[in-house]
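The values are calculated or read from the model by the stated rules, or taken from the named source; none is laboratory data. The model shown is predicted, which means the values in this text are computed figures rather than measured ones. Here the Cβ positions follow ideal geometry from the backbone for every residue, glycine too, while neighbour counts run over all protein chains shown. Side chains are part of the model used for accessible areas, which takes the heavy atoms of the whole protein and leaves out ligands, DNA and RNA. Shrake-Rupley method; radii C 1.70, N 1.55, O 1.52, S 1.80 Å.
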Amino acid sequence: MSDLRKINIDGTEYEMPAEYTLMQACEEAGAEIPRFCYHERLSVAGNCRMCLVEWVGAPKPQASCALQVKDMRPNRDGTPANIRTNSETVKKAREGVMEFLLINHPLDCPICDQGGECDLQDQAMAYGRDHTRFDENKRAVNDKFMGPLVNTVMTRCIQCTRCVRFITEVAGVQEIGLASRGEDAEITTYLEQSLTSEMSGNVIDLCPVGALTSKPYAFNARPWELDGVESVDVMDAVGSNIRVDSRTGRVLRILPVINDDINEEWISDKTRFVWDGLSRQRLDQPFIRKNGKLAPASWDEALALAAEKLSGDPEKIAAIAGDLCDAESMKALKDLMDGLGVKSIDCRQDGSKLGNEDRSAYLFNSTIMGIEDADAILLIGTNPRLEAPLVNTRIRKTWLGGELNVGVIGEAADLTYDYTHVGTSPSDIADFARSSKGFAKVFKSAKNPLIVIGAGALAREDGNKVLRACGELAKAFGIGRSGWNVLHSAASRVGGLDLGFLPGEGGSDLNGILSGGFETVYLLGADEFDTSKLKNAFVIYQGSHGDRGAHVADIVLPGAAYTEKDGLYTNTEGRVQMGFAAVSPKGDAKPDWAIIRALSGHMKRELPYDNLEQLREKLMADHPAFSGVNYIMEPAEDAVFAPEALGEAGTPSAAPFKNPIEDFYMTNPIARSSKVMAECSEVANAQVKEAAE
């Protein structure tokens, strides 16, 4: 239990935890404390002085962010320290601080993208005065280059250093700093190069003035013109909570929504800036290939032809679900294929060997928040910085606390925290399980060790044997289900496994489907494999963008993107979350489940639901894992896995693990359609090449 201390705030006595800052205590008591530099998730800087309060008896006002309750000594008569947040002294102090902050700040609110949601505007109105005693010329500061995402107008900067602390502490790349002193002080990138962090866009949200704003969003809209809808991100399997802002049917920006269990209040740059790809290379009407070229067609014509092609021998028909699919569309397609007797279906378009016999075997069981309780983590065949940046920041956050040791079996990479490189290939897993030295000794003595297995490590030809080796390792160290974690990178993967969107008895998996012998293949947003292997099959592609799948398709059925439909998504932890439509589908595009339902009608095999509510009722009835939205089902027991139940016995290949993500910014059709992501990819590749040289 926290040590409680008595403190008098604005005439009322309270008991507050000793570790609270004075600002937190005052706000707990109902007082409003303005601030610019202070942020709950960053270290205390104490340089804006806007949070001044009066400590009765002290010679001058105190910065409430930099004092803790335990620092407040009692009065001489033994009564608790008296704090005033609304006295004349405090009012005068805050007006003086605001006057200083505005000495050099340009009055360009009408052209500033921060206008309307600017902390400086709001606090100047509430705590400023209507005149100034300074008439000197304002100083000007050169703008800095921070890459294709962050726009800078550094004359507006008030040196709160939030961006410096975020990039250094959370993102883990020391690329922004405060140079010089006094009136010459400037926030700048050290080498005047583009920021390299996958989390750099968060400095835009953190900046309390208009010094750092979104470059792609610049001059597009004012905040009061936008309609915001809270939804779920699908750029990776973390399931970050987001707000999609749109105007006149067009998505204009994506912002984070606070969820301490998942993404705290951060999102990756791909999540934040991919929105321009939502309107490029879109499939907005059905197409049928005629004389070797795709030609526009009506819905009836396209669905009738698709129905005809799906009416053949079920052993010659296959279906593959992509990485961005919602659970409802996969359920509808699975029900249709089951009704047709099709056994060759697969949601693992990366070729993963994971099955669904034991749900906890393919989940991130410790939960993302549970990483903070770990004291040792072994990463196997994964680079979380590229596969799940929000998981990587959570590992770094725990590592910064000083209690976490990290080991890696896989490619060496800059993960933004120190780690022990244990090995590079599957054979090192077995060696580590038998070892009692080095990191193995640390891992053995840990109170709460975690194993994190990358999805890419299980997508190899020997993925079954790698999974078995990981099970043997877990058994050797006594790690139960709560310490067993599979880090997925596809938003639809856990949902697909929960649904059983897997080959039936006698059916083929992805590799079997691609090996030939199938007459008709249905691609539900599936693009992340060598689609040229399907050239001998009749391909029905359903998706939102004209990407690899659409290029080989004989029929194209235009679906809705994730911002244009309501849908359920299960993240890597097994947490089911609900996404919502922010805008309408483009052109004649339809929600994916509705297309499949219409197709079933053309085949005279109507699926037993006519609306989304009925579909969800059947989904949850058939698959209870979807019945708890925003809830994580705990494993039935925290027992150690039986390795023989996890994979195939045998010696894995000696080939080293390879990161499945070669380009962070180009991992799905929406990202590949984005001009902003293309620019980021170009900059990142150029920096890698320069570093290599």
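Observations on the structure shown:
- For Thr420, distant residues with modelled amide H under 5 Å away: Val406, Gly407, Val408
- Translational diffusion of region 407-474 was estimated from the Stokes-Einstein equation, with Rh taken as the Kirkwood radius over Cα pairs; at 20 °C and 1.002 mPa s the coefficient is 169 µm²/s.
- Per residue, the convex hull spanned by the alpha carbons of region 56-211 comes to 152 Å³.
- Segments 66-74, 205-213, 39-47 sorted - mean Cβ within 10 Å per residue, highest first: 205-213, 66-74, 39-47
- Ranking Val209, Met199, Gly312 by Cα position along the charge dipole of region 195-321, where only Lys, Arg, Asp and Glu carry charges on their C-beta atoms, puts Gly312 farthest toward the positive end.
- For Val486, the residues whose amide H sits under 5 Å from its own are Leu363, Phe364, Asn365, Ile453, ignoring neighbours fewer than 5 places away on the same chain, with H placed 1.01 Å from N.
- Cα shape, the chain, gyration tensor, a/c 1.5 rule: prolate
- Cα-based shape type of region 535-693, given that a ≥ b ≥ c are square roots of the gyration tensor eigenvalues and the cut on a/c is 1.5: oblate
- Degrees separating the helix 675-692 axis from the principal Cα axis of the chain, which is the longest one: 80
- Split the accessible area of the chain by element, probe 1.4 Å, and carbon with sulfur accounts for 47%.
- Counting every pair of alpha carbons in region 435-542, the share spaced more than 25 Å apart comes to 39 percent.
- Helix-derived mean residue ellipticity, 222 nm - over the chain, DSSP H n ≥ 4, -39500 (n - 2.57), to 500: -7000 deg cm²/dmol
- Considering only beta bridges that DSSP places wholly inside the chain, some 55 percent are antiparallel.
- Phi-derived couplings, Karplus 6.51 cos²θ - 1.76 cosθ + 1.60 at θ = phi - 60°, listed residue by residue for region 70-82: 5, 7, 8, 6, x, 6, 4, 8, x, 6, x, 4, 9 Hz, with x used for Gly and Pro.
- Values of log10 I(q)/I(0) for region 80-166 across q = 0.14, 0.20, 0.21, 0.23 Å⁻¹ run -0.63, -1.11, -1.18, -1.33, by the Debye formula with one identical scatterer at each alpha carbon and no solvent.
- Rounded, prolate or oblate (a/c below 1.5 giving rounded, otherwise prolate when a/b exceeds b/c) for region 382-444 by Cα gyration tensor: oblate
- Region 192-318, Cα convex hull volume normalised per residue, Å³: 217
- Using the 1.4 Å probe convention, the accessible area of the chain works out to 42 Å² per residue with neighbouring protein chains retained.
- Its Cα centre serving as origin, region 176-244 has a Cβ charge dipole (Lys and Arg +1, Asp and Glu -1) of approximately 80 debye.
- Working note: Karplus 6.51/-1.76/1.60 with θ = phi - 60° gives region 446-455 the couplings 5, 7, 9, x, 10, 10, 10, 9, x, 4 Hz, where Gly and Pro are set to x.
- Under 5 Å from the amide H of Ala376 lie the amide H atoms of Asn405, Asn448, Leu450, each residue being 5 or more positions distant or on a separate chain, with H modelled from the backbone and absent for Pro and chain starts.
- In this calculation the C-beta distance from Trp224 to Glu403 is compared with R0 = 45 Å, giving a FRET efficiency of 0.50.
- Given charges at Cβ of Lys, Arg, Asp, Glu: the chain dipole, positive-most of Thr79, Asn485, His131: His131
- Ellipsoid equivalent to region 344-414 - semi-axes via the Cα gyration tensor, in Å: 26, 15, 11
- Among the listed pairs Lys270/Lys353; Lys586/Lys658; Lys270/Lys309, those with a Cα-Cα distance over 31 Å are Lys586/Lys658; Lys270/Lys309.
- Charge dipole magnitude, Cβ of K and R +1, D and E -1 - the chain, Cα centre, debye nearest 20: 660
- For peptides 582-593, 375-386, sequence by mean Cβ density within 10 Å, most packed first: 375-386, 582-593
- Calculated from backbone phi, Karplus (6.51, -1.76, 1.60) coupling profile of region 126-138 in Hz, x at Gly/Pro: 7, 10, x, 10, 8, 8, 9, 9, 9, 10, 5, 5, 6
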